[in-house]
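Visitor: This is the structure I have questions about; it appears just below.
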Amino acid sequence: MSLALSTDPAAAAAGQLRELQERIHTLQGRRNREGSHPVLPCLTPLFPAGLRGGAAYSLDTHLSVAMALLAAPSAEGQWCGVAGVPDFGAEAAAGFGIALDRLVLVPDPGADWLATVGALVDVLPVVLVRPPSPARPGEASRLASRLRERAGVLLVLGPWPQSEATLSLTGSSWEGLGRGHGHLARHLVELRANHRGRVRTATVDLASPDTVALPVRGPRSAAGSRP
């Protein structure tokens, strides 16, 4: 089952995060030094080298696309965090192959949401956040330094200063559904990734079995695990 954290009171949340950090250290050993995190095969046209460690990505997409980005790292044995996304459904996440026993949920990080995200970045390889307010460039730079030090990835639902790439939804369609009946056969999404001026596009079927991560494996060996 996923682990849900509350930031009220802040001291209790900090204690929970420290406990989580010790637990992950015990289970996974040293931090990831490989420099990148995997993506599902259907997303490799957009991210041929995977998600770069130490980078932030801006997502202007459905939440389901964000789940698909979390799926491959989770299947590789990595821990993932989600903050500020109260509509993040555990059942839908499990459908993408996200391991709920290595998922930390903070539905409402509160007004000091950047501190919460920073704490998650310190202990988790991949973090998804929906900011309740825009981050100032200075704040984003300080968080970027922590990401680089930890070789982590930050996925942001919305704009983000100095992002490595922006992933946008340019089209979406469903097949197999009638008027109140039928079975969803295909959910096609057209995606566009802008990597600092270099654009890649792909059409992904989110309802395809190929979009679901491979069976979850154990944590990576100490040589390639984190934090």
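The values are calculated or read from the model by the stated rules, or taken from the named source; none is laboratory data. Owing to the predicted nature of the structure, the values given are computational and were not obtained by experimental measurement. Using ideal geometry, Cβ is built from the backbone for each residue, glycine included, and neighbour counts are taken over all protein chains shown. Heads up: the accessible areas ignore ligands, DNA and RNA and are worked out on the full protein's heavy atoms, side chains in. Shrake-Rupley method; radii C 1.70, N 1.55, O 1.52, S 1.80 Å.
Visitor: Tell me whether the range 105-127 contains one or more residues that are touching an Asp or Glu at 6+ places or on another chain (Cβ under 8 Å) and open to solvent by 20 Å² or more (accessible area, probe 1.4 Å).
Guide: Taking every residue of the range 105-127 in turn, at least one turns out to be touching an Asp or Glu at 6+ places or on another chain (Cβ under 8 Å) and open to solvent by 20 Å² or more (accessible area, probe 1.4 Å).
Visitor: Now for a separate question. Quick one: would you say Arg52 is modelled with pLDDT of 60 or more, open to solvent by 20 Å² or more (accessible area, probe 1.4 Å) and more than 12 Å from the chain's Cα centre (by Cα)?
Guide: Against the criterion (modelled with pLDDT of 60 or more, open to solvent by 20 Å² or more (accessible area, probe 1.4 Å) and more than 12 Å from the chain's Cα centre (by Cα)), Arg52 qualifies.
Visitor: How many residues, within the range 144-158, are open to solvent by less than 10 Å² (accessible area, probe 1.4 Å) and outside any loop (DSSP other than H, G, I, E, B)?
Guide: Count: 5.
Visitor: Among (1) surrounded by 16 or more Cβ atoms within 10 Å (Cβ to Cβ); (2) more than 14 Å from the chain's Cα centre (by Cα), where does Ile98 come up short?
Guide: Of (1) surrounded by 16 or more Cβ atoms within 10 Å (Cβ to Cβ); (2) more than 14 Å from the chain's Cα centre (by Cα), only one is false for Ile98: (2).
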